[in-house]
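S.K.: I have a structure here, written as structure tokens, and I will follow up with some questions on it.
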């Protein structure tokens with residue numbers, strides 16, 4: 001049995017035919033690989049799936065005959081090519097996600113991400129990240145040349161979709177659009193938009209460890225790291241990547257005051273990036289409305305409440321945190337944010353520009369939101 005390959009498209013899957021297979025492999029928009037064709041690349045993926053990957057999928061048993069295997073090209077990221085794998089069995093269909101990296105930097109990132117996901121999936125009781133199934137390194141041979149390649153197979157979150165802010169205005173600021181691949185792209189209702197940011201912030205906080213200072217870092221809405229599923233008025237989010245799990249402050253806090261301070265730094269960084277996104281995922285980086293700041297703060301405290309028994313031991317009390325945050329004057333918030341990015345340095349010039357444009361206004365918003373915040 002051979003796999004069927006498609007390009008994913010909102011209007012319907014586009015089959016990959018013989019003429020497309022002969023085209024040079026694109027490693028980025030308008031950037032061709034020096035010697036690999038798309039066919040070389042797809043053949044390597046098919047070989048990996050059949051020889052290395054299928055048996056690692058937890059719900060797939062040896063006695064299940066595979067009737068059809070469909071592989072869709074979903075997205076070309078900075079480091080990875082993302083594909084969905086659809087495995088049609090006799091009575092059911094399974095799905096997985098396949099990330100493929102060719103560049104040296106991409107393959108290095110993939111190894112670190114696989115190790116990070118494996119650790120988090122093993123060590124935490126909640127699973128808002130994908131379960132990693134397998135990592136494999138190989139080479140693609142063509143024209144007496146070899147290209148190293150890395151593959152990572154992981155859990156697919158069924159019914160979840162990417163989302164991004166748009167340039168269209170709604171009743172609560174810029175509209176968020178949910179990229180529903182089944183029903184079409186649509187604007188999120190205000191309560192959905194609030195829930196998306198709240199859930200994303202909650203998930204990031206659930207994986208924050210105030211004792212060691214470790215957190216999932218970096219994550220970005222602009223990269224599509226959080227995805228969403230809405231059904232019957234209920235909104236769920238998942239984090240599809242964990243590039244690293246580390247403490248950005250090199251000396252972990254060793255007393256209660258230090259742990260509270262580290263938690264506040266984590267929160268203020270979270271609140272900044274909860275509001276930043278690229279227009280439709282590819283345009284200018286913009287700040288979302290204050291409405292989203294309120295959502296992110298709610299998600300943070302929701303996670304703190306869920307972990308209250310665990311966090312009482314290192315002295316992270318929700319009521320105490322709220323009192324501390326409400327006590328900050330505007331100039332104190334500005335001073336904290338000035339030091340914040342010495343711990344969270346920005347390498348992306350567009351992010352730096354966005355912060356220069358909007359950080360002062362964000363601090364003004366934060367001061368008012370904290371003063372008026374109630375659980």
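Computed from the coordinates by the stated procedures, all read-outs in this text should not be read as laboratory data. Note that the structure is predicted; figures quoted are calculated from it, not measured. Cβ: placed from backbone, ideal geometry, glycine included. Neighbour counts: every protein chain shown.
S.K.: What is the helix-to-structure angle for 190-206, meaning the angle in degrees between its Cα long axis and the longest Cα principal axis of the chain, kept from 0 to 90 and rounded to the nearest 10?
M.R.: 90
S.K.: Follow-up. How much of the DSSP bridge set in the chain is antiparallel, in percent, rounded to the nearest 5? Mind showing how you got there, number by number?
M.R.: Numbers: 59 of 63 bridges.
Bridges in the chain that DSSP calls antiparallel: roughly 95 percent.
S.K.: If one computes the Cα centroid of the stretch 250-296 and of the stretch 31-81, what distance in Å separates the two points?
M.R.: That distance is 36 Å.
S.K.: Tell me the mean residue ellipticity at 222 nm calculated for the chain from its helices only (DSSP H runs of n ≥ 4, each -39500 (n - 2.57), averaged over every residue, nearest 500).
M.R.: Working: 10 runs with 141 residues, N = 375.
My calculation for the chain gives -12000 deg cm²/dmol from helical runs alone.
S.K.: Provide the percentage of antiparallel DSSP beta bridges, counting only those with both residues in the stretch 163-372; round to the nearest 5.
M.R.: In the stretch 163-372, DSSP labels about 100 percent of beta bridges as antiparallel.
S.K.: According to the square roots a ≥ b ≥ c of the eigenvalues of the Cα gyration tensor, what is the shape class of the stretch 122-217, taking rounded for a/c under 1.5, prolate for a/b larger than b/c otherwise, and oblate for the remainder?
M.R.: oblate
S.K.: In degrees, nearest 10, range 0 to 90: what is the angle between the Cα axis of helix 330-343 and the longest Cα principal axis of the chain?
M.R.: Here the helix axis deviates by roughly 40 degrees.
S.K.: May I pose another question? Relative to the first principal axis of the alpha-carbon coordinates of the chain, what is the inclination of helix 104-123, with its axis defined by its Cα atoms, in degrees from 0 to 90 and to the nearest 10?
M.R.: Between helix and principal axis, roughly 60 degrees.
S.K.: Could you list 234, 226 so that the one with the fewest beta carbons within 10 Å of its beta carbon is first and the one with the most is last?
M.R.: Values: 234 8, 226 25.
Result, fewest neighbours first: 234, 226.
S.K.: For the chain, what is the convex hull (Cα atoms) projected area averaged across all directions, in square nanometres?
M.R.: Working: hull surface 81.5 nm².
Answer in nm², one decimal: 20.4.
S.K.: Computed from the mean reciprocal separation of all distinct C-alpha pairs, what Kirkwood hydrodynamic radius does the stretch 311-362 have, in Å? Don't jump to the answer; show the numbers that get you there.
M.R.: Numbers: mean 1/r = 0.0759 Å⁻¹.
For the stretch 311-362, inverting the mean 1/r across all distinct Cα pairs yields 13.2 Å.
S.K.: Continuing with this model, one more query. With N denoting the number of residues in the stretch 4-155, provide Rg(C-alpha) divided by 2.2 N^0.38 Å, to two decimal places. Before the final figure, lay out each step's value.
M.R.: On the way: Rg = 15.8 Å, N = 152, 2.2 N^0.38 = 14.8 Å.
Dividing the Cα radius of gyration by 2.2 N^0.38 Å gives 1.06.
S.K.: Where does each of 336, 78, 240 land when they are ranked from fewest to most other beta-carbon atoms within 10 angstrom?
M.R.: Details: 336 15, 78 10, 240 23.
By the 10 Å Cβ count, ascending, the order reads 78, 336, 240.
S.K.: How big is the antiparallel share of DSSP beta bridges in the stretch 4-155, given as a percent to the nearest 5?
M.R.: Details: 37 of 41 bridges.
Once the DSSP bridges in the stretch 4-155 are tallied, antiparallel ones form about 90 percent.
S.K.: Using Cβ contacts closer than 10 Å as the measure, can you line up 174, 330 from fewest to most? Intermediate values should be presented prior to the final figure.
M.R.: Numbers: 174 20, 330 13.
In increasing order of surrounding Cβ atoms, one gets 330, 174.
S.K.: According to the square roots a ≥ b ≥ c of the eigenvalues of the Cα gyration tensor, what is the shape class of the stretch 163-372, taking rounded for a/c under 1.5, prolate for a/b larger than b/c otherwise, and oblate for the remainder? Mind showing how you got there, number by number?
M.R.: On the way: a/c = 1.62, a/b = 1.42, b/c = 1.14.
In terms of gyration-tensor shape, prolate.
S.K.: Continuing with the same structure: Apply 1/(1 + (r/R0)^6) to the Cβ-Cβ distance of residue 331 and residue 43, taking R0 = 51 Å, and write down the FRET efficiency to the nearest 0.05.
M.R.: It comes to 0.25.
S.K.: On each of the three principal axes of the Cα atoms of the stretch 207-317, give max minus min coordinate, whole Å, ordered largest first.
M.R.: Largest to smallest, the principal-axis extents are 43, 33, 25 Å.
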